[in-house]
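Written below as structure tokens is the structure these notes are about.
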């Protein structure tokens, strides 16, 4: 059947060329595509490892240098600020020179700067180096997600990209498992060397193992020799006569700039998706960072309070898989995500209520946290994947990068807001209740997007109109 589909599609387009997007969607997932997904997942794990490494080293560094925790907060903020800038600028650059090059440059960048951090002599120099490293950390993720999305068939795109997004929490888990052993036999500088050398060693593997984005190549001349080689590996049964041009039937958008995200009907989607991610990351980072403290203040033993954070994150990974499977292939996946965020709000409300009930069984409290993670973090990961399909190929890196930059501002604000509320002596349950506000804002933004898409009042990329993607 798949052979018939491919050959029939070729017969229809023989006069004009072969539609790259339709070819990927009709063919089974090839070994080449699985390799792209595997390598981008590994790169994502290293990105998450390097992003979170300072969290594990903060106690050792502050103790050695006699620095305060408030002063070390500058290091965390510098990393997030650099990542926000890198996400916007390197994403836009990738739309001009290609995904593969920028992925490798970003990985070499943050790997080398992480190595340099091992030779820092004070908080100021460490914060400066982490800011520069953050440029690479922020620039790597948008381009990895864009590359994976452009090799994924529409029927599995959200699921595949969601799994690759798992790299960030998996990298944090890897760092958390490795750090105690490294610190036991060496010092914090050795841990930074490990975190930096690993991605540098990965770079040549990515250079030889990753192809350039086939959709990005199709935006060029349409008869690039690399295109033919890639298409033959993805769809070996597709007949490609000499002189065939490969096409990507999407609107032309001109030069890839931030301004282009707000023209040709893309403005509403850009604003609503960025707003949804901003409020989602604000809430999730506030919960992830402060859940142990909130639970301990509610009278839960510290060991169980820490377990709450683990459950929150792991249930989020499981949730992303389930939610992404529902979103995949639906014309208005934004409506599905809006409903999922409503479920997250209800779960957080239940968790807050549970902390107010004296003597509540621990399994009930943990179940409410698991539900919160399933719907909140699961929706957030799926939303990241959803965004990769919203923007046309020529603007995908720019769009994902801009969204990531805005979202990282939310991730920076969330922990600070939680700290302010705790310092003000507000009850943990009321802090959790306050969390329903950003959750509702995410749901409202996505519901508005679904309504606008239903009324066709905003631009929908051509490949979505043809039911080959998600909107």
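The values are calculated or read from the model by the stated rules, or taken from the named source; none is laboratory data. Everything numeric here is computed off the predicted structure, so don't read it as measured data. Please note: Cβ atoms are built from the backbone with ideal geometry, for glycine as well, and neighbour counts cover all protein chains shown.
When 401, 419, 410, 397 are checked against the criterion of being within 23 Å of residue 343 (Cα to Cα) and either touching a residue at least 40 places away in the same chain (Cβ under 8 Å) or out of contact with any strand residue (DSSP E or B) (no Cβ under 9 Å at 6 or more places or on another chain) (or both), a single residue qualifies: 410. Selection of segment 112-126 for residues being in a helix (DSSP H, G or I) and surrounded by fewer than 24 Cβ atoms within 10 Å (Cβ to Cβ) yields 112, 113, 115, 116, 123, 124, 125.
Taking residue 73 as the residue in question, decide whether it is over 23 Å from residue 147 (Cβ atoms) and modelled with pLDDT under 85. Considered against the rule, which asks whether it is over 23 Å from residue 147 (Cβ atoms) and modelled with pLDDT under 85, residue 73 comes out as yes.
Residue count for segment 112-135, restricted to those that are without any contact (Cβ under 8 Å) to a residue 24 or more places away in the chain and within 24 Å of the chain's Cα centre (by Cα): 1.
Within segment 181-200, the set of residues being without any contact (Cβ under 8 Å) to a residue 24 or more places away in the chain and either in contact with a helix residue (DSSP H, G or I) (Cβ under 8 Å, 6 or more places away or on another chain) or part of a helix (DSSP H, G or I) (or both) comprises 181, 182, 184, 185, 194. Of all the listed residues (102, 174, 129), the sole one being surrounded by 24 or more Cβ atoms within 10 Å (Cβ to Cβ), in contact with a helix residue (DSSP H, G or I) (Cβ under 9 Å, 6 or more places away or on another chain) and part of a helix (DSSP H, G or I) is 102. Within segment 288-327, the set of residues being over 30 Å from residue 450 (Cα atoms), under 27 Å from the mean Cα position of the chain (by Cα) and without any contact (Cβ under 8 Å) to a residue 60 or more places away in the chain comprises 292, 305, 306, 307, 309, 310.
On inspection, residue 27 fails the criterion of being without any contact (Cβ under 8 Å) to a residue 12 or more places away in the chain and surrounded by 17 or more Cβ atoms within 10 Å (Cβ to Cβ). Could you go through segment 365-377 and let me know if any residue there is assigned by TED's automatic domain parsing to the domain that holds residue 276, more than 20 Å from the chain's Cα centre (by Cα), within 29 Å of residue 268 (Cα to Cα) and at pLDDT 85 or above. No, segment 365-377 has no match at all. The residue list 347, 275 contains one member that is in the same structural domain as residue 370 (by TED's automatic domain parsing) and more than 22 Å from the chain's Cα centre (by Cα), which is 347. One residue alone among 73, 138, 91, 82 is buried (at least 24 other Cβ atoms within 10 Å of the Cβ) and either free of Cβ contacts under 8 Å to residues at least 60 places away in the same chain or more than 22 Å from residue 385 (Cα to Cα) (or both), and that residue is 82.
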